Amino acid sequence: MGPDPKVSTDSKWRKSPADLIELFTSVLPDGPAIEKRQMFGYPCAFVNGNMFTGLHQEALIVRLDENDRSRLIAQAGAEQFEPMPGRPMKEYVALPQAVLEDREKLLEIISSARDFAASLPPKVKKPRKKKTTRPR
């Protein structure tokens, strides 16, 4: 049995497999509020500045409210997402292979994740700090 794809014990993260990237791209919703961009080198999707889904190594992760997270962990075998040992991301779960293979269920979960993130206050981009030069 290989390493757990949801937890990285290596200091260097692995790229996501091409077939997972293809699946991820195919299930992302479209819309004016949806933004697709990279985070730590992995494709992710945001609504109003809040991330709702993304990839990390071999895992597809989603951000869900507490009820949906608990139900998904109990019924589908999802796991709390932990990009580094001891550093869980409390609102995120990594989906099990069975969910990735059930397109209808996956689309339903992605939709729930988008709806949850859309219900959060929009993120406001912070202005970049001006570089100040110190006198020598």
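The values are calculated or read from the model by the stated rules, or taken from the named source; none is laboratory data. The shown structure was predicted, so the numbers you read here are calculated from the model rather than taken from an experiment. Glycine gets a Cβ as well: all are built from the backbone with ideal geometry, and neighbour counts include every protein chain shown. Calculation scope for accessible area: heavy atoms of the full protein, side chains included, ligands and nucleic acids excluded. Shrake-Rupley method; radii C 1.70, N 1.55, O 1.52, S 1.80 Å.
From the list 105, 90, which one is touching a helix residue (DSSP H, G or I) at 6+ places or on another chain (Cβ under 6 Å) and basic (Lys, Arg)?
Just one listed residue meets the conditions, 105.
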(request) Filter the range 88-114 down to residues that are among the charged types (D, E, K, R) and in contact with a strand residue (DSSP E or B) (Cβ under 6 Å, 6 or more places away or on another chain) and give me whichever is most open to solvent (accessible area, probe 1.4 Å). (result) 114
(request) Identify, from the list 43, 85, the residue that is open to solvent by 20 Å² or more (accessible area, probe 1.4 Å), of a type outside the set (Phe, Trp, Tyr), in contact (Cβ under 8 Å) with a residue 12 or more places away in the chain and closer than 19 Å to residue 16 by Cβ. (result) 43
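Whether any residue in the range 7-15 is at pLDDT 95 or above and crowded, with 17+ Cβ neighbours inside 10 Å is what I want to check. Please lay out each step first, then the result.
Of the range 7-15, the ones at pLDDT 95 or above are none.
Within the range 7-15 (the criterion being at pLDDT 95 or above and crowded, with 17+ Cβ neighbours inside 10 Å), the answer is no, since none of the residues qualifies.
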(request) Only one of these is in contact (Cβ under 8 Å) with a residue 40 or more places away in the chain, small (Gly, Ala, Ser), closer than 24 Å to residue 13 by Cβ and open to solvent by less than 40 Å² (accessible area, probe 1.4 Å): 78, 117. Name it. (result) 117
(request) Check off (1) under 16 Å from residue 110 (Cβ atoms); (2) open to solvent by 20 Å² or more (accessible area, probe 1.4 Å) for residue 55 and give me the number that stays unchecked. (result) (2)
(request) Only residues that are in contact with a Lys or Arg (Cβ under 9 Å, 6 or more places away or on another chain) and hydrophobic (A, V, I, L, M, F, W, C): list them for the range 65-79, please. (result) 76, 78
